[in-house]
Amino acid sequence: MGGGNRAARSLYSTVSFCSQLARDVTAVMNTYRIAVYPGDGIGPEVINEALRVLNRLQEIDSAFQLDFTTFDWGLRRWEREGQVAPDDFLDLIRPFDAILLGAVGWPERVPDHVTLAPLVQIRQTFDQYACVRPSRLYPGVKSVLADKGPADIDFVVIRENSEGEYVNNGGRLRRGQPDEVAVQTALHTRRGIERILRYGFEMARTRRSKLTMITKSNAQAYAYVLWDEILDELAPQYADVESDRQHCDAAAMNLVRRPESFDVIVASNLFGDLLTDLGGVLGGGLGLAASTNTNPDRDYPSMFEPVHGSAPDIAGKGIANPVAAILSAAMMLDHLGHQPAGNRIRRAVERSLATGDHTPDLGGTLTTQQVGEAIAKNLDAV
Ligand SMILES: NC(=O)c1ccc[n+]([C@@H]2O[C@H](COP(=O)([O-])OP(=O)(O)OC[C@H]3O[C@@H](n4cnc5c(N)ncnc54)[C@H](O)[C@@H]3O)[C@@H](O)[C@H]2O)c1
């Protein structure tokens, strides 16, 4: 009997050792290195809460581990050392699996082109060509549209992030003269259009299988007609996705009068920029608007950040809404292949918003930290 017990105990400890080993191996295999760039103003405040939620999640979900490295780049570094980020900042973050950004800029203290320069370089060097911005109105958040609620507002805008109207291509002649001339030329490539449309089609397949491409091909007969032609070429390859196209002016109107008709929107750099501000307000405001700068080919790290800026007007007051940063962190987990964990964060956010855990921008009285703590606590229950 004694021998049997010893054998059972030994078997039990072998089994428990093996399961611990399996958990450790899973953790090692799924450990991701995250570069954290809190930035300026409210950036560090909202990133603190995103990290609080991620840390709580990895305590209760053994499917992955996150290894954070924080970089103190931004305004304070500029004031201390005369540089927002070190010369080799791109080399420093290249090996990471993802970048989590707060927000940068403080125009009264440093010109925006100085503080925002690293962001532009990260997006371009790491070919983060898909800027993805979901607009979803959560229950408990007041809609700016009369008679439209959470069931009506759930779409995502994919903005082409690498070319189009925002390539730095142009010049000025006869500066300051009455006959001064400025030329700015957009650049649209077949490769760039095709890859962003394919990304949109693939995303539509994971949602409600509808893609709307936004152009202005009635007025711009070269670039946007190329967009139209490429959509026509690709659509048969994604016959399971319903696709259509709208001109940007009509789309702006339709987003307001019938947002429920949109699922995935793909737009050029400029039109995506315009429509995502509209999408942000339809989804409950800047405090809730999350965003990615994705390199879908995964050759480089992608970057996840709230849509909002550094909000110097409320920085240091502890009232910034951390939800946009927390939802951006959820999108980072999706990208790393852990969508169930991302969904869990979204459910925790949903529960918080529905029960009135609101910062002042949503009409509430909670602080940034209180909202972060409430969402972290909700993770256990959802
Ligand atoms: N990606 C980025 O880091 C990014 C994006 C946009 C603007 N900026 C920079 O941010 C600085 C400020 O720009 P801005 O004032 O035009 O835009 P902003 O987004 O910082 O603020 C606009 C308004 O929204 C409010 N707001 C923003 N985020 C909020 C939040 N989480 N909770 C509650 N209220 C919030 C602000 O208080 C402000 O009234 C500038 O330097 C700008 O260049 C940076």
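The values are calculated or read from the model by the stated rules, or taken from the named source; none is laboratory data. Just so it is clear, the model here is predicted, and its values are computed rather than measured. When we count neighbours, we look across all protein chains shown, and the Cβ atoms used for this are built from the backbone with ideal geometry, even at glycine. Side chains are part of the model used for accessible areas, which takes the heavy atoms of the whole protein and leaves out ligands, DNA and RNA. Shrake-Rupley method; radii C 1.70, N 1.55, O 1.52, S 1.80 Å.
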Taking H placed 1.01 Å from N in the peptide plane, check which residues at least 5 places from V36 or on another chain put their amide H under 5 Å from its amide H. T69, T70, F71, L100
Once both label points are put 7 Å beyond Cα along the C-beta direction, the A354-R205 separation in nm becomes 3.1 nm
On a 0 to 90° scale, report how tilted helix 368-378 is relative to the longest principal axis of the chain, with both axes built from alpha carbons and the result rounded to the nearest 10. 50 degrees
Along the stretch 350-360, Karplus-curve 3J(HN,Hα) (6.51, -1.76, 1.60; θ = phi - 60°) to the nearest Hz, with x for Gly and Pro, reads 4, 5, 5, 5, 5, 9, x, 6, 10, 7, x
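Please compute the length gained on full extension between T31 and V225, using 0.36 nm multiplied by the number of residues separating them and subtracting their Cα-Cα distance. List each step's numbers first, then the result.
Details: separation 194, 0.36 × 194 = 69.84 nm, distance 4.46 nm.
Between T31 and V225, full extension yields 65.4 nm more.
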Phi to ³J(HN,Hα) by Karplus 6.51 cos²θ - 1.76 cosθ + 1.60 over the stretch 242-252, Hz, x for Gly, Pro: 7, 10, 8, 9, 9, 7, 4, 5, 5, 4, 4
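Determine the relative contact order of the stretch 300-358: mean sequence separation of Cα pairs under 8 Å and six or more apart, normalised by residue count, in whole percent. The partial results should precede the final answer.
Values: 36 pairs, mean separation 17.1, N = 59.
Over the stretch 300-358, the number comes to 29 percent.
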Charges on Cβ only, +1 for Lys and Arg, -1 for Asp and Glu, centred on the Cα centroid of the stretch 86-170; of V110, P139, Q128, which one is farthest towards the dipole's positive end? P139
Using a simple charge model, +1 on the beta-carbon of Lys and Arg, -1 on the beta-carbon of Asp and Glu, nothing else, what dipole does the chain show about its Cα centre, in debye to the nearest 20? 880 debye
As I understand it, the value is the acute angle between the Cα axis of helix 223-234 and the longest principal axis of the Cα atoms of the chain; what does it come to in degrees, rounded to 10? 50 degrees
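What is the chain by shape, rounded, prolate or oblate, if you read a ≥ b ≥ c off the alpha carbon gyration tensor as root eigenvalues and call it rounded for a/c under 1.5, prolate for a/b larger than b/c, and oblate otherwise? Present the calculation step by step, with values, prior to reporting the outcome.
Details: a/c = 1.65, a/b = 1.47, b/c = 1.12.
Here the chain falls in the prolate category.
Arrange the peptides 200-211, 54-65 so that the one whose residues have, on average, the most other Cβ atoms within 10 Å appears first. Show your work: numbers first, answer last.
Numbers: 200-211: 18.2, 54-65: 16.2.
Ranking the peptides 200-211, 54-65 by packing returns 200-211, 54-65.
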Under a plain spin-label model, where a point goes 7 Å from the Cα along Cα-to-Cβ, how far apart in nm are T125 and M253? 4.5 nm
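What part of the accessible area of the chain, given as a whole %, is carbon or sulfur when the probe is 1.4 angstrom?
Details: 9250 of 17790 Å².
Whole-percent figure for carbon plus sulfur exposure: 52.
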In terms of Cα to Cα distance under 26 Å, which lysines are near enough to K148, apart from those fewer than 8 places away along the same chain? K210
Helix 2-29: angle to the longest alpha-carbon principal axis of the chain, degrees 0 to 90, nearest 10? 10 degrees
Classified through the alpha carbon gyration tensor (a ≥ b ≥ c as square roots of its eigenvalues; rounded if a/c is under 1.5, else prolate when a/b is larger than b/c, else oblate), the stretch 300-345 comes out oblate
Starting from the Cα of K216, draw a straight line to each of the lysines and keep only those under 18 Å, dropping any in the same chain fewer than 8 residues away. none
Take the Cβ-Cβ distance between E242 and N168 as r, set R0 to 51 Å, and report the resulting FRET efficiency rounded to the nearest 0.05. 0.90
Distance in nm between pseudo-label sites at Q339 and L145 (7 Å out along the Cβ direction from Cα): 2.5 nm
The chain: relative contact order as a whole-number percent, Cα under 8 Å and 6+ apart: 22 percent
Quick one: grab the alpha carbon gyration tensor of the stretch 198-266, order the square roots of its eigenvalues as a ≥ b ≥ c, and give me rounded if a/c is under 1.5, else prolate or oblate depending on whether a/b is larger than b/c. oblate
Those residues of the stretch 317-351 whose amide nitrogen sits under 20 Å from the label point placed on D67, 7 Å along Cα→Cβ: 332-338
